[in-house]
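A short write-up of the structure that comes next.
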Amino acid sequence: MRVCVIGTGYVGLVTGACLAHTGHHVICVDNNEEKVKLMKAGQSPIFEPGLSEILQAAIRSGNIEFTTDLAAGVSHGQILFIAVGTPALPTGESDTRYVEAVARGIGSHLDREYKVIVNKSTVPIGSGDWVRMLVLDGYAEREGVSAIPVMAGMGNGEVATLSRALPSEPAFDVVSNPEFLREGAAIYDTFNPDRIVLGSNSPQAIALMQELYAPIVERQFGEDRSLPPVPVLVTDLSSAEMIKYAANAFLATKISFINEVANICDRVGADVVQVAKGIGLDSRVGSKFLQAGIGWGGSCFPKDVSALIHTADDYGYEAQLLKAAVQVNQRQRLIVVEKLQQVLKILKGKTVGLLGLTFKPDTDDLRDAPALTMIEHLTRLGSRVKAYDPLVSQTGVRHGLSNVIVETDPDRLADGCDALVLVTDWQEFRTLDYVQMAKLMHTPVMIDGRNFLDQEVLEQAGFRYVGVGR
């Protein structure tokens, strides 16, 4: 099938590359010329395990192209994915200006061929109808007419709506198709999804989307091809949009719950790792997202939970549970600072080393990373902060970083530190030479912010080990 993906950020590029890998002909559109040049050369502008290999293979097969020409992408695609960013505004609501610009742009380039316009971006609930309106507005502007209905009096006090019919109105439908990709495992998640959600009331649009995803539904590229087909849930537009927000809000709340339990464990002498294992064995609870630590961050959970709270407020409902989940998470980021104060007492003049900077392993994403909050508070308390991250230290990407010395290896990080803090649970941090690192430190203290390291190994290496809720 012919596919156009507009926006080559995290979701857009992964979606485009994976659809090309399954045999579709994909054109990816982005307004950043340098980024397009990079992708044409087979280089991924983002780090995601396996993405570069998928991308380069798709380029060699001729199944993927990159351009800044939106008109060419719209003309090419039977299915048009909107995959631009919707960052959070200070109010908590989503910034939809990029979605608006793309929707209008699509409308201004539509031809007579039927199109399916897919909201892949995480957009506020109700955006499906809004996008349809914007597409029609863009089309009307090109045709030089107004697409907005006109209200007119009828002489007897009644008001009628007089629609200005667009000449040869374009044939298209809008579908909500939320993504459920985990950074660091996005390729796996694309080919092995738990479910595919399609929101639309158009049988024609749903049929085309099912045809598009057939290779994935049938697990032709899955890890275990013997499994049953991937469940496809067809809903209305608003329900599909809500599913995305509800899923992320639930997972974020689950993490905040176990962190709340961890803080109680710290006070009563229980071990949250054992507690989480005990409740996770209950099939009604499950073990995933029950790892206590320093809380959640990244580009999805903070933005989506805030957006859902804001939507609830717009409709006169206070989402108290979600607000509490956010408050617990904000406080959890400072647990490490409290533990450092308990061990080192005064932090002024002390040097603290952070093992990891990104919000999770296997990504270079620093958006809303807990490390940024720690750096801010430790600096305010007079500490010198150093950090080592397997990706950030190599690439030199320092978005959002200030008041921190980024070291090039773990030994340089440990040298002269009064304490280390495990921030990101990179696998390689399990096997560092902690004996050598302890010798390089002023005081060998390890605050394990993810309960990730082996306490016995650390203590044998000479560290004082402090976990979260342990």
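Tabulated data
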read-out	value
Enumeration of residues in the stretch 86-102 that are under 24 Å from GLY144 (Cα atoms) and either of a type in the set (Val, Ile, Thr) or more than 22 Å from the chain's Cα centre (by Cα) (or both)	VAL99, VAL102
Qualifying residue in the stretch 28-38 (condition: open to solvent by 50 Å² or more (accessible area, probe 1.4 Å), free of Cβ contacts under 8 Å to residues at least 12 places away in the same chain and aliphatic (A, V, I, L, M))	yes
Test for SER402: is it without any contact (Cβ under 8 Å) to a residue 40 or more places away in the chain, farther than 23 Å from VAL273 by Cα, touching a helix residue (DSSP H, G or I) at 6+ places or on another chain (Cβ under 8 Å) and among the polar types (S, T, N, Q)	yes
Whichever residue in the stretch 434-470 is closer than 18 Å to LYS350 by Cα and assigned to a helix (DSSP H, G or I) and, among such residues, is most open to solvent (accessible area, probe 1.4 Å)	LYS439
Among the candidates ALA307, ALA276, residue that is free of Cβ contacts under 8 Å to residues at least 40 places away in the same chain, surrounded by 17 or more Cβ atoms within 10 Å (Cβ to Cβ) and in a helix (DSSP H, G or I)	ALA276
Residue count for the stretch 373-394, restricted to those that are open to solvent by 20 Å² or more (accessible area, probe 1.4 Å), touching a residue at least 40 places away in the same chain (Cβ under 8 Å) and part of a helix (DSSP H, G or I)	2
Considering residues of the stretch 403-433 that are assigned to a loop (DSSP other than H, G, I, E, B), open to solvent by 70 Å² or more (accessible area, probe 1.4 Å) and within 19 Å of THR379 (Cα to Cα) only, the residue modelled with the highest pLDDT	ASP415
Tabulated pairs, the stretch 435-448, first among the aliphatic types (A, V, I, L, M), second assigned to a loop (DSSP other than H, G, I, E, B), C-beta under 6 angstrom, 6+ apart or interchain	VAL435/ALA461; ALA438/PRO444; ALA438/ALA461; ALA438/GLY462; ALA438/PHE463; LEU440/ASP415; MET441/CYS417; MET446/PHE463
Residue check, ILE447 among the aliphatic types (A, V, I, L, M) and within 25 Å of GLY269 (Cβ to Cβ)	yes
Conditions (1) among the basic types (Lys, Arg); (2) in a helix (DSSP H, G or I); (3) open to solvent by 70 Å² or more (accessible area, probe 1.4 Å): number failed by ARG182	(2)
Which numbered condition PHE47 fails, given (1) open to solvent by 30 Å² or more (accessible area, probe 1.4 Å); (2) within 30 Å of GLU223 (Cα to Cα); (3) out of contact with any Gly (no Cβ under 6 Å at 6 or more places or on another chain); (4) at pLDDT 95 or above	(4)
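The values are calculated or read from the model by the stated rules, or taken from the named source; none is laboratory data. All of these numbers come straight from a predicted model, not from anything done at the bench. Methodologically, a virtual Cβ is constructed for each residue, glycine included, from the backbone with ideal geometry; neighbour enumeration extends over all protein chains shown. Surface areas here come from the heavy atoms of the whole protein model, side chains and all, with no ligands, DNA or RNA. Shrake-Rupley method; radii C 1.70, N 1.55, O 1.52, S 1.80 Å.
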